[in-house]
Amino acid sequence: MMYRVRSEYLEAPDHPIEIKQGEVLEFVEESDAEGDWANWVYCKGVNKEGWVPKQILEINNNNILVLKNYSAKEHNLTTGEILHAEYELNGWIWCEKEGSRGLCAWAPLNHLVKI
């Protein structure tokens, strides 16, 4: 699936959380299930913290077991850029910018249009 950037996005974190299967994290908060960004959990680990998709976590009170490797790396986006999506999750796509082979990161769907 291909998308065109319809509005600039410059909020990519400088130090996105990266987690590995089997890692144990601390639960901080969960996003609003009725809001724009449902199914995200804010977690803390050793020298890391950030939002992680709920689908790859096993939550037990304040402890979280990571079920799958995950990187929260995001693209900064410029209007008009073309993105090639690999998959969609919770309002974001994991994608590659046209012309940057192999450099995948997340992009928010609310800044994109399908082409």
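Every read-out reported here was derived from the displayed coordinates using simple, explicitly stated rules and does not represent laboratory data. This structure is a prediction, so every number in the text was calculated from the model and none was measured. Cβ coordinates were reconstructed from backbone atoms using ideal geometry, including for glycine residues, and neighbour counts include every protein chain displayed.
General remarks:
- Cβ-placed point charges (K, R +1; D, E -1), dipole of region 18-71 about Cα centre in debye, nearest 20: 300
- Cα centroid separation, region 10-59 to region 87-113 (Å): 18
- Over the chain, relative contact order from alpha-carbon pairs under 8 Å, at least 6 apart, %: 34
- Net charge, Lys73 excluded, C-beta distance under 14 Å - Lys, Arg +1, Asp, Glu -1: -4
- Anchor Lys44: lysines whose Cα lies under 30 Å away (excluding residues fewer than 8 positions away in-chain): Lys20, Lys54, Lys68, Lys73, Lys97
- Each Lys and Arg contributes +1 and each Asp and Glu -1, all at the Cβ; summed about the Cα centre of the chain, the dipole is approximately 400 debye.
- Per residue Cα convex hull volume in Å³ - calculated over region 18-71: 69
- Entry note: region 1-96 has Rg to Rh equal to 0.99, where both radii use alpha-carbon atoms and Rh is the Kirkwood radius.
- A full extension of the chain between Glu8 and Phe27 corresponds to an added length of 3.7 nm, given 0.36 nm per residue minus the alpha carbon distance.
- Percent of beta bridges antiparallel (DSSP, region 69-115, rounded to nearest 5): 90
- Restricting the calculation to Cα atoms, region 49-100 shows an Rg/Rh of 1.07 when the hydrodynamic-style radius is the Kirkwood one.
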